[in-house]
Amino acid sequence: MSELTKEIKGAELLTAIKASIGDARFVAQQLSGSFKDNVRSLRLEENEDTFLHLEQNINDLRHFMEFVKELGNGLGCLNELSLPPNPASSQNSALNIFKDMNSAFETKDWIMLSDLIEYELAPLLDKEDEWLGSLDEKLQTEG
Amino acid sequence: MFFEKNITVLRKVNPGLALALLNREAISNPEILHAKNGMPSLKVDSIALHSLYDPVKEAEDWVKHHEQKIQDSSSIFVLGFGLGYHIVELCKNTDGELIVFEPRLDVLEAALETFCLTSILARVRIVTDLKQFSFVKKGNTPLTPSPLERGAGVCNRGELSPPLGKGDTGGFYNNNIAILEHKPSVKLNPEYFKKVTAIKSLEKINRGIKILVVGPVYGGSLPIAGYCSSTLRKMGHTVELMDNSRFSDALFFADEVTKDRARYKRLVEILTAFLSEAVIARCEAFKPRLVFALAQAPLNAECLEILRANKIPTAFWFVEDFRVMGYWRKIARSYDYFFTIQKGDFFEELKKEGVKNYHYLPLAASHDEHRENKLNEEEKEHYGSDVSFVGAGYYNRRHFFRGLLDLDFKIWGNGWPQDQGYAKYIQRGGQRIETEETVKIFNASEININLHSSTYHKGINPFGDFVNPRTFEIASCGAFQLTDRRKELEELFDLGEEIVVFEDLEDLRLKISYYLEHSEERKTIAEKARQRVLKEHTYEHRMRELLEFLAACGYEPPVWKEEGESVHELIDEAGSEGELAEYLSKFAGKGRITLSDIIKEIENGEGDISRTESIFLLMNELVKK
C-alpha cells in the first residue's frame, strides 16, 4: 500500500474513531447507571424483571466490549499518537471481573454478583468513560 | 468473642432461644470473612449473606429501600438475621415492634460471636420456631388477635383464646405489619420464610372476611355446609350460606320425569346453570372475599371462570371418595384451593391433573350439634339398644349386618331391605333420621356400629382410607363406637385408647360381647374420643386450618368497592387508646360500618349520650343538611 493510501486510510479511520467515541461514552455512562440500578434490585428484590434487566445489560455490555476491542485495534493502527492505555485491558481487569461474575451466576450468589457489579464493573465502566473522554480530547487536539 | 455477653442478655429476654443456642449441635458451615472495608461478612453454603465489600452501606441501602414501609408500620417482621447489619440499621430508623425470623441457629450463633448485639437483643424479638406464631396445624393455639380484641378483652374467635389484660402484649404482633425480606437469608430457607409471609395473609383473614358458602342441592355434604357456615360465623367472619337444598324437589323431579339418562343429565345441567347464575348474582350483591363450595355444590365451569376472571378466590371441600365420585377431575382445576378427605393416591392424581393448592382436610364434628345428651327414661327406651346403627342401607351394610341380627340391634335410616330378616330391626319403617334424633340414638346406644359405606364390598372395604363424619360425631357425643379399620383413622385417633376398630364380622361380634360386659371401659374410651374431638377434630379446627392454608398459599382478597369503613382501620386511625377508639370498638364484630350504623346504635342505646356519641349525632345532622 502506498504512503498516500495509508494516509487516506488512516484519516478515514481517525474520523470513524472520533465519530464513534461520543456514542461509546453515552453507552458506557448508560450501562454504568443501568448496572447500578440492577444492583439495587438484585440485592433487594430479586424478581423476574431484575434478571431480565440484568440479561439485557450483559448483552449490551458484550456489544460495548466488542466495540472497545475494535477501538483498540483501530488505535493500534494510529501508533504515531501516544494514547492513554485502556483501563479495561490493563492487567485483564475486565476479564477477571467477568470470570468472577460468571462464577457468582453459577452459584446464584446474588450478593457476590451485586458486589462485583457495584464495586468492580460499574467503576470500570466509569473509567472507560473517562478514558474515552481523554481519548476524544487527545484525538481532537492531536489527531 | 461477644457470645457470652450476648447470650447473657438473650437468657433474660428469650431464654428458650438462648438455651437452643447453647445446646446447638455444632454442625454448620457459616464462614466469617472480612469484607474489603475490613468489616466482617458471612457466607453460608458458599453464598454471601452480606456484601463482601461494604456490608454497612448495603444495610443502609436496605433500610432506605424499605423506608416507606417502615414508616407506615407499627410492627415489622424481618425475614432473616444474618450478622444483623440490617437489623442494627433498622433499629436506628424505627420505634416500632421488631420481630426477626431466623431459622438457622448457626447463623445466629455466628452473629452473636461476631458483634456485641446486646442492645439489639433487648430491643428485637427473634423467632426461630414458627409454632410460636400458631402455624401449628393441629391444636388450640389461638390465632393472633388484634390489639383491639386484646384491649377490649374480647375472646379471640370463639372461646379458644383467653382475654388478655390491657397493655399486655401477650407476645402477639400488631395490626399494621410490614414484612421486610433479607433476600439472601430467604433464599437459604425459602420454605420457612414462605410460612412467615403467610402471617400477613392470615392476619387479613383473621380480621373477618365475607364468605359465601355454597351448599349442595342434596346429599351428605348438606349438613357439612351448615356446620362450616356456623363455625365460620363463630370465628368472626360474615357468612352467607347459599342453601340450595330448597331446589332438591327440582332434582327429584328431574329424576322422576324421565328414564332417559341423557335427558336427566340435561335437566340437571340446566338446574346447575340456574343455581350457578344465582351464585354470581349473590357475589355481586354480597361481595364475598371467598366463595367456599362443598362437594356437589351446583357451580358449573362457566360460573367458576367468571369468579376467577373477577379474582374472587374459590375453595372447594371435596368430602367424597375420589375413587367413587369422579367428577372432581372436571372441576378441581377451576378452584383456587381444593380440599380433600383423602391423600396418598388422590394427591398423585391431583398432581397428574395439574391441580395446585390442594390440601388434606379430614372431616370433623360440630360439637354444638353432636354432644352429650341427658335422656329421659322414655327416650332411653325408645332410642336405646345394646347395638345400633344410624345411616343408609348401602350394599356392604345390608350384607354385613345380617350377621348381627341375633343381637339387641336397632337400625335407623333409609335404604334398608324390608325382608323378614331385617324388618324387626329397622326403626320407623326406614325413614331418614334427622340430626337431633341421631344424637339421641348415639347417646342412648351402648355400642354404636360405624361401618363405612361401600357399594361393592360385602362388608369392610379393605382399602378404605378416609374417615366418615359419623366417626367424629359419635365421638363428639361421648358415645362409644366400634368402627371398621380405615387407613387414615390412626392419624386422627389413638386406636384402642380412643376408638376401637373391628377387622371382620367375627372380630366385631367378639368386641360387641366384650364391651357390653365392660361398661366402664367403654365409657373411658368414649370420653377419651370426645376429648380428642374437642381438641383436634371440630369444624372450628378444620375451618381454621382451611383459612391457614389459604394464607400459606398467598391468599389475596378481591377488591370490592364497599360501603362504609373498616372498623379496624378506623380504630387504628383513632389511636387505640383514645375515647373514640374505645367507642368504635363496640362495632368490632361488624367489619365495616357507616355513619348510619353508628346512629342506629346510638338510637338503640340506653343512658346518657356520651361526648363521642353527641359528635356523631352532630355529624349526622350536618350530613342530612
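No lab work stands behind these numbers, since they all come straight from the coordinates. As the structure is a computational prediction, the values presented were derived from the model and not from experiment. All Cβ positions, glycine included, derive from the backbone under ideal geometry; neighbour counts span all protein chains shown.
Let me know the charge dipole size of chain B about its Cα centre in debye, to the nearest 20, where only the beta-carbon of Lys, Arg (+1) and Asp, Glu (-1) is charged.
1240 debye
Using Cα pairs closer than 8 Å and at least 6 residues apart in sequence, work out the relative contact order for region A:3-142, in percent. Averaging sequence separation for qualifying contacts and normalising by length gives 42 percent for region A:3-142.
Over 15 Å apart: what share of the alpha carbon pairs of region A:95-143 falls there, rounded to a whole percent?
Working: 635 of 1176 pairs.
In whole percent, the share of Cα-Cα pairs in region A:95-143 beyond 15 Å is 54.
Prolate is the label for the protein assembly as shown, because the ratio a/c of its alpha-carbon gyration tensor axes (a ≥ b ≥ c) is 1.5 or higher and a/b is greater than b/c.
Taking amide H positions as modeled 1.01 Å from N, with prolines and chain starts lacking one, the residues under 5 Å from B:Tyr360 and 5 or more places away or on another chain are B:Thr340.
Normalising the Debye intensity of region A:3-142 to I(0), with uniform scatterers on Cα atoms only, and taking log10 at q = 0.10, 0.19 Å⁻¹ returns -0.39, -1.06. A Förster distance of 60 Å, applied to the separation of the beta-carbon atoms of A:Leu52 and B:Tyr218, puts the FRET efficiency at 0.70. Placing a label point 7 Å from the Cα of B:Lys523 along the Cα-to-Cβ line, the residues of region B:340-373 whose backbone N sits under 17 Å from it are B:372-373. Across region B:341-357, computed HN-Hα scalar couplings (Karplus, 6.51 cos²θ - 1.76 cosθ + 1.60, θ = phi - 60°) run 9, 10, 10, x, 4, 5, 4, 4, 5, 5, 4, 4, 7, x, 7, 10, 6 Hz from first to last residue, x flagging Gly and Pro. The 3J(HN,Hα) values that the Karplus relation (6.51, -1.76, 1.60; θ = phi - 60°) gives for region B:102-117 are, in residue order, 8, x, 8, 5, 5, 5, 4, 4, 4, 5, 5, 7, 7, 10, 7, 10 Hz. Gly and Pro appear as x.
Calculated FRET efficiency, A:His63 to A:Asp100, Cβ-Cβ distance, R0 = 22 Å: about 0.55 to the nearest 0.05.
What number, rounded to the nearest 500 deg cm²/dmol, is the helix-based mean residue ellipticity at 222 nm of chain B, given -39500 (n - 2.57) per DSSP H run of at least four residues and division by all its residues?
Values: 29 runs with 282 residues, N = 625.
The helix-only estimate for chain B comes to -13000 deg cm²/dmol at 222 nm.
For chain A, the longest principal axis of the C-alpha atoms and the axis of helix A:48-77 are separated by about 20°.
Any idea what the relative contact order of region B:377-537 is, in percent, if you count C-alpha pairs under 8 Å spaced at least 6 apart? Mind dumping the intermediate values first?
Working: 272 pairs, mean separation 35.2, N = 161.
Relative CO of region B:377-537 lands at 22 percent.
The GluC sites (Glu not before Pro) of region B:287-387 meeting both criteria, a DSSP state outside H, G, I, E and B (loop) and at most 16 other C-beta atoms within 10 angstrom of the site's C-beta, are B:Glu353, B:Glu372. Between B:Lys5 and B:Ala309, the contour length at 0.36 nm per residue exceeds the alpha carbon distance by 103.7 nm. The long axis of helix A:93-106 is offset from the longest Cα principal axis of chain A by roughly 30 degrees.
Of all DSSP-defined beta bridges confined to the protein assembly as shown, some 15% are antiparallel rather than parallel.
For the segment B:57-69, counting C-beta atoms of other chains within 10 Å of every residue's C-beta and taking the mean gives 2. The label point for B:Thr594 and the one for B:His34, both projected 7 Å from the Cα toward the Cβ, are 7.0 nm apart.
Could you list B:His518, B:His50 so that the one with the fewest beta carbons within 10 Å of its beta carbon is first and the one with the most is last?
Values: B:His518 12, B:His50 27.
So the ranking, lowest neighbour count to highest, is B:His518, B:His50.
Measuring between their Cα centroids, region B:332-361 and region B:512-560 lie 21 Å from each other. Computed extension gain for B:Asp129 through B:Leu405, at 0.36 nm per residue and net of the alpha carbon distance, reaches 93.8 nm. Across region B:565-624, Cα pairs under 8 Å and at least six residues apart give a relative contact order of 31 percent.
Given a Förster distance of 41 Å, report the FRET efficiency between B:Arg246 and B:Leu495 from their Cβ-Cβ distance, rounded to the nearest 0.05. Show your work: numbers first, answer last.
Details: r = 41 Å, r/R0 = 1.00.
That pair, B:Arg246 with B:Leu495, gives E of 0.50.
Equivalent ellipsoid of region B:565-624: semi-axes from √(5λ) of the C-alpha gyration tensor, largest first, are 18, 13, 12 Å.
Considering only Cα atoms, the convex hull volume of region B:377-537 works out to 106 Å³ per residue. The alpha carbons of chain B stretch over 94, 73, 53 Å along the principal axes, in descending order.
Among A:Ala19, A:Leu113, A:Phe35, whose Cα lies farthest out toward the positive end of the dipole of chain A, if unit charges sit on the beta carbon of Lys, Arg (+1) and Asp, Glu (-1)? Among A:Ala19, A:Leu113, A:Phe35, the one farthest towards the positive end of the dipole of chain A is A:Ala19.
So between B:Phe347 and B:Glu603, what do we pick up on full extension, going 0.36 nm a residue minus the alpha carbon distance?
Values: separation 256, 0.36 × 256 = 92.16 nm, distance 5.55 nm.
Going from the current span to full extension adds 86.6 nm.
Considering only A:Pro123, B:Leu482, B:Ile512, and ranking their Cα positions along the charge dipole of the protein assembly as shown that arises from unit charges at the beta-carbon of Lys, Arg, Asp and Glu, the one farthest toward the positive end is B:Ile512. What you get for region B:377-537, charging only the Cβ of Lys and Arg (+1) and of Asp and Glu (-1), is a dipole of about 540 debye around the Cα centre.
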